[in-house]
Amino acid sequence: MQKGSDLLVKALENEGVDRIFGVPGEENLDFLESLRTSHIELVLTRHEQAAAFMAATHGRLTGRPGVCLATLGPGALNFSTGAAYAHLGAWPMILITGQKPVMSAKQARFQIVDIVASMKPLTKMTRQIVSPAAIPATVRDAFRVAMEERPGPVHLELPEDVAGEEVEDIPVIPAHPLERPIAPSAALDRAEAAILAAKRPLAMIGAAGSRPWLAEALSAFVARTRLPFFNTQMGKGAVTGGSNLYMGTAALSEGDYVHEAVARADLIIAIGHDTVEKPPFLMKSGGGPKVIHISFQSATVEQVYHPDIEVLGDIGASMDALAGRLEGRVATDEGMIELRQKILARLNDRAEEDRFPVTPQRVVHDVRQSMPDDGIVCLDNGMYKIWFARNYRTHVANTLLLDNALATMGAGLPSAMMAAMLYPQRRVMAVCGDGGFMMNSQEMETAVRLGLNLVVVILNDSAYGMIRWKQAVDGFEDFGMRFGNPDFVKYAEAYGAKGSRVTAVDDLVPMIEAAFAGGGVHVLDVPIDYAENTRVLVDELRNRTPDVGCA
């Protein structure tokens, strides 16, 4: 006779789960034993937060939930940041945590925290499994909820006695195709009329446009309509950045060069914009361009985002329908195309400057030069994220992974590890600041143990650089942001990885090439000069636009 934990593993196998990431505890031992004899691989990590980041990235890249495992209390609470990461990012994920037996209390309240309650604001659904008989329906519902728009994390708590309880053979519930509603014709009619009436239409692609299955539909829409477009940070790469219609990325909320295109437009078609992102432009109450919101769900009305028309339904189907209605009929604004050349020329300024320590522009340039079109760059969170968002050109969907929603530090390395596991034949690079890298650097051991091929670029300024920059911009004294670092080359070697230190500006590209050629996990310690932050992002932009904001 099977146990509740056996039935849970069968239900997970039924959902196509092939890996579970996590750190088990004693409350997970029945589940762990059931996992041992299954087809599912346990990927043991060194911290629960990293396991959650990996599971969320699995959901982001595949559209199917990644699964992570932790024990009760402290282990489960370590999932909190990863749950919020997936919740704000809209990435499907299943979190499984253990709990003390619910039918007895031999250890009183030891380690017991109400994890179901703590997960409520961080997940789409959180539920304790109260009996083995409930497992098939609970798991099927969890995966359905995690994948439905808007996708996100679902938490299941498995008490120790429920996991160990014997149960009759209960069939699992087969999965079925997930169908998404289609936008009504009346909404498409309104959008069509507004776009055809516009003299200077401009498309914007947001976070929800980066669902892995949408790349073909969005790229075809741009190709057929010939609409110039820009993207939010998390919409980057949904349509090839090599297109001659690409206007840039809104890495700031206003005042950057791409915002000249926004100011010129009389209509913005916002495709998949999610207001969890820092605003890519600030919508005005009057006098600015009209906005069409095209997404799976209705717009969240904000002070800076209140669209005039909404087209709600499957984005891919909406794009196909609109492309058929608009092809060959959209107004061409030659001024917008001329403006594109000016914007991109400004972004390429000083990209090959030979200063050392290297500048952010040079880092972006050299990384782009070293990565093939399908190479995946996973960013942690720091000052460099703005530079990669502005300056890095993508050519294949989901090849620049960054987080502009929760924007948490510590996710870069685990995210890259997941990408390397999913795509072992592609080049994968993590780009981390020294602060963010150290928040989950223990996962170097996991990456080495798994035999991953991965290059980790650490941008080293011995400080929490973005906050230090903001401190200076806001007129505060330089205080409380500096720290010391280990010798990153020796640190990498201590984990069984390889390490190199860039000592001249011309070293970076050959060192990246050598690291990828050598295989395995390789850390590159890259000293960086962030003086360009103020010169470009404050002085240059403020001098061009007097009221520019720096955030």
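The values are calculated or read from the model by the stated rules, or taken from the named source; none is laboratory data. Source: prediction; values computed, not measured. Ideal geometry is used to build each Cβ from the backbone, glycine not excepted, and the neighbour counts take in all protein chains shown. For the accessible areas, the whole protein counts, side chains as well, though only heavy atoms, and no ligand, DNA or RNA atoms are used. Shrake-Rupley method; radii C 1.70, N 1.55, O 1.52, S 1.80 Å.
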Once you keep just the Cα pairs under 8 angstrom separated by 6 or more residues, what percentage relative contact order results for segment 185-344?
30 percent
For Val538 and Gln2, what is the calculated FRET efficiency with R₀ set at 60 Å and r taken between the beta-carbons, to the nearest 0.05?
0.40
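State in Å² the accessible area per residue of the chain; use a 1.4 Å probe, count heavy atoms of protein chains only, and round to the nearest integer. Please report the intermediate quantities before stating the final value.
On the way: 20870 Å² over 551 residues.
For the chain, the per-residue accessible area is 38 Å².
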Quick one: check the C-alpha center-to-center distance for segment 473-487 versus segment 197-264, whole angstrom.
36 Å
Most to least accessible of Glu260, Glu26, Glu532 (protein chains only, probe 1.4 Å):
Glu26, Glu260, Glu532
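What does the charge dipole of segment 328-391 about its Cα centre add up to, to the nearest 20 debye, if the Cβ of each Lys and Arg holds +1 and the Cβ of each Asp and Glu holds -1? Provide the component values of the computation, followed by the final result.
On the way: 10 positive and 11 negative charges, 44 e Å.
It works out to roughly 220 debye.
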Past the 26 Å Cα-Cα mark, which pairs from Lys124/Lys470; Lys100/Lys124; Lys199/Lys385; Lys3/Lys100; Lys342/Lys470?
Lys124/Lys470; Lys199/Lys385; Lys342/Lys470
Explain nothing, just the number: relative contact order of the chain, from Cα pairs under 8 Å at least 6 residues apart, as a whole percent.
13 percent
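Nearest 0.05, what FRET efficiency do Asn244 and Glu353 give at R0 = 22 Å with Cβ-Cβ as r? Each step should come with its number before you reach the end.
Numbers: r = 26 Å, r/R0 = 1.20.
According to the calculation, E is roughly 0.25.
At a Förster radius of 56 Å, what calculated FRET efficiency corresponds to the Cβ-Cβ distance of Ser131 and Ile467, to the nearest 0.05?
That gives a FRET efficiency of 0.70.
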Taking the Cα atoms only, what angle lies between the long axis of helix 360-370 and the longest principal axis of the chain, rounded to 10 degrees?
70 degrees
Using a 1.4 Å probe, how large is the accessible area of Glu352, given in Å² and rounded to the nearest 10?
130 Å²
Looking only at segment 136-170, which residues have a backbone nitrogen under 15 Å from a spot 7 Å from the Cα of Ser104 in the C-beta direction?
160-166
Would you mind checking segment 503-541 for residues with the amide N under 16 Å from a putative spin-label position 7 Å along Cα→C-beta of Lys490?
525
Rounded if a/c under 1.5, otherwise prolate or oblate - segment 33-80, Cα gyration tensor axes:
oblate
In degrees from 0 to 90, rounded to the nearest 10, what is the angle of the helix 215-225 Cα long axis to the longest principal axis of the chain?
20 degrees
Do you know the relative contact order of segment 2-167, to the nearest whole percent, from alpha carbon pairs under 8 angstrom that are 6+ apart?
28 percent
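Run the helix sum for the chain: -39,500 (n - 2.57) per DSSP H stretch of 4+ residues, divided by residue count, reported at 222 nm to the nearest 500 deg cm²/dmol. Intermediate values should be presented prior to the final figure.
On the way: 23 runs with 207 residues, N = 551.
Mean residue ellipticity, 222 nm, calculated: -10500 deg cm²/dmol.
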For the chain, take the longest principal axis of its alpha carbons; what is the angle in degrees between that and the long axis of helix 315-326, to the nearest 10 within 0 to 90?
30 degrees
With a ≥ b ≥ c taken as the square roots of the eigenvalues of the C-alpha gyration tensor of segment 185-344, please select rounded if a/c is under 1.5 and otherwise prolate if a/b is larger than b/c or oblate if it is not?
rounded
Label Ala175 and Phe476 with points 7 Å out from Cα along Cα→Cβ: what is the distance between them in nm?
4.6 nm
